[in-house]
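Right, one structure below, let's go through it.
The values are calculated or read from the model by the stated rules, or taken from the named source; none is laboratory data. In this text the structure is predicted, and so the values were computed from the model without any measurement. As a convention, Cβ positions derive from the backbone with ideal geometry for all residues, glycine included, and neighbour counts pool all protein chains shown.
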Amino acid sequence: EEQSNFTHGVVRILPDGWLYPGTTPRFLNRIQSVKYRPDDVVVMTFPKSGTTWMQEILWTMLFNPNLDNPQATQPLLVRSTDISSDMMFDSVNIEDANPESLYATFKKMCPGKNVEDGIAIQCLDATPGQRVIKTHYPLDLMPPDLLDKTKVVYVARNPKDMVVSFYHFYKVLKVFNYKGSLEMFIKSFMNNELLYCPVWPHIKQAWQKRNHPNLHFVFYEDLKADIQGELRKLNQFLSTGLSEQQLKNVVQHTSFSSMKSRGDPIPDKSLYNKELHQSSGGFFRKGVTGDWKNHFSPELNQEMSKWIKDNIGDSGIHFKMD
Ligand code: A3P
């Protein structure tokens, strides 16, 4: 029985068996030929780990530390391209795309570019100057010399909160339209049967590079616990030289409530299940650590805790769960 109406066929990409839409191999080839610039910053995450938050943090640090840049009102995904989005866009009916949609916006930005070649990637090429680039692809699927060329900020989140967030997102996005229970969803997640899975190699590949000078590894929970302190670290990593006052501006502008009040990074409301989007908040749902406690039965919790422990193994990764 189908729990999700994601019908466009999926593929598993080796060596780790990443589950992606069937169009992905074509775009993965193009990803290899993207020209990264030394001042680019790539935000890399498994979905629902705090991608949007980090994109806005980085964009604000780089381009709007005094909160006076008029460009800041553009939708985040227009200011910061998601180079892993072409595989998703291809599965919506592009010809029917709402003129407000991100896709339509991209087409306006890059007239004459064709969808088959990956419009997000082409838009990125056409963006002048320094860029904040989003990707859900893991390090292994990005060019092997990525870290020689540019900086990467990797955000990880404790898997229990991540999966709850992912579940709500699977329900809210029409392209997924997930109908199953949370329990079923979590089991599918642990069995690597959801798009973007498996999660462990995604996290571990970045974790192994955490001491690389061009990779900054940060936990969502640490951002929540001490945002000012984490921004100081980013200020060093990026050599942005922002003052304490400017960092405070960034904190204020990227707080959950101010980001939520400015609206979702995807401007096209037709992509969402409207009622659920309104009631859950879409990309800005709760923005807290430990929400999983409101959703897990003791049995499910035990099962997932074991799964996490087994997969962490001796890697040294430590998630804060509260
Ligand atoms: P919840 O669903 O738990 O609320 P992504 O951007 O990777 O899709 O991640 C989305 C998650 O990040 C959502 O988690 C969302 O609420 C949270 N988030 C977004 N902006 C945030 C912010 N400014 N502060 C804290 N959490 C934020």
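Summary table below
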| quantity | calculated |
| --- | --- |
| Flag if V78 is under 19 Å from the mean Cα position of the chain (by Cα) and at pLDDT below 95 | yes |
| Segment 25-55, subset in a helix (DSSP H, G or I) and at pLDDT below 95, residue surrounded by the most Cβ atoms within 10 Å (Cβ to Cβ) | F27 |
| Restricting segment 167-201 to residues that are charged (D, E, K, R) and not in a loop (DSSP other than H, G, I, E, B), the residue that is farthest from the ligand (Cβ to nearest atom) | K187 |
| Every pair of residues 6+ apart whose Cβ atoms lie under 9 Å, when the first sits in segment 205-225 and is closer than 22 Å to D39 by Cα while the second is within 16 Å of the ligand (Cβ to nearest atom) and charged (D, E, K, R) | V218/E230 |
| Residues (among the small types (G, A, S) and more than 19 Å from Y220 (Cα to Cα)) located in segment 305-322 | G313 |
| Cβ pairs under 6 Å, 6+ apart, first in segment 254-278 and closer than 13 Å to V172 by Cβ, second among the charged types (D, E, K, R) and modelled with pLDDT of 80 or more | L276/K171 |
| Pairs where the first residue, in segment 158-175, is touching a residue at least 24 places away in the same chain (Cβ under 8 Å) and the second is among the hydroxyl-bearing types (S, T, Y) and near the ligand (Cβ under 10 Å from one of its atoms), C-beta under 7 Å, 6+ apart | D161/T289; M162/S49; H168/S280; V172/S280 |
| Tabulated pairs, segment 238-250, first at positive phi, second not small (G, A, S), C-beta under 9 angstrom, 6+ apart or interchain | G241/N235 |
| Helices (runs of 4 or more DSSP H) within segment 202-302 that include 1 or more residues in contact with a Leu (Cβ under 8 Å, 6 or more places away or on another chain), farther than 30 Å from D145 by Cβ and within 14 Å of the ligand (Cβ to nearest atom) | 227-238, 244-253 |
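Yes or no, residue by residue, for (1) among the hydroxyl-bearing types (S, T, Y); (2) at pLDDT 90 or above; (3) buried (at least 22 other Cβ atoms within 10 Å of the Cβ); (4) away from the ligand (no atom under 16 Å from the Cβ):
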site: F89; (1), (2), (3), (4): no, no, yes, yes
site: C110; (1), (2), (3), (4): no, no, no, yes
site: K113; (1), (2), (3), (4): no, no, no, yes
site: D117; (1), (2), (3), (4): no, no, no, yes
site: V132; (1), (2), (3), (4): no, yes, yes, no
site: D148; (1), (2), (3), (4): no, yes, no, yes
site: S165; (1), (2), (3), (4): yes, yes, yes, no
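Every residue, every condition in (1) of a type in the set (D, E, K, R); (2) touching a helix residue (DSSP H, G or I) at 6+ places or on another chain (Cβ under 7 Å), yes or no:
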residue: V10; (1), (2): no, no
residue: P25; (1), (2): no, no
residue: Y36; (1), (2): no, yes
residue: D39; (1), (2): yes, no
residue: T51; (1), (2): no, no
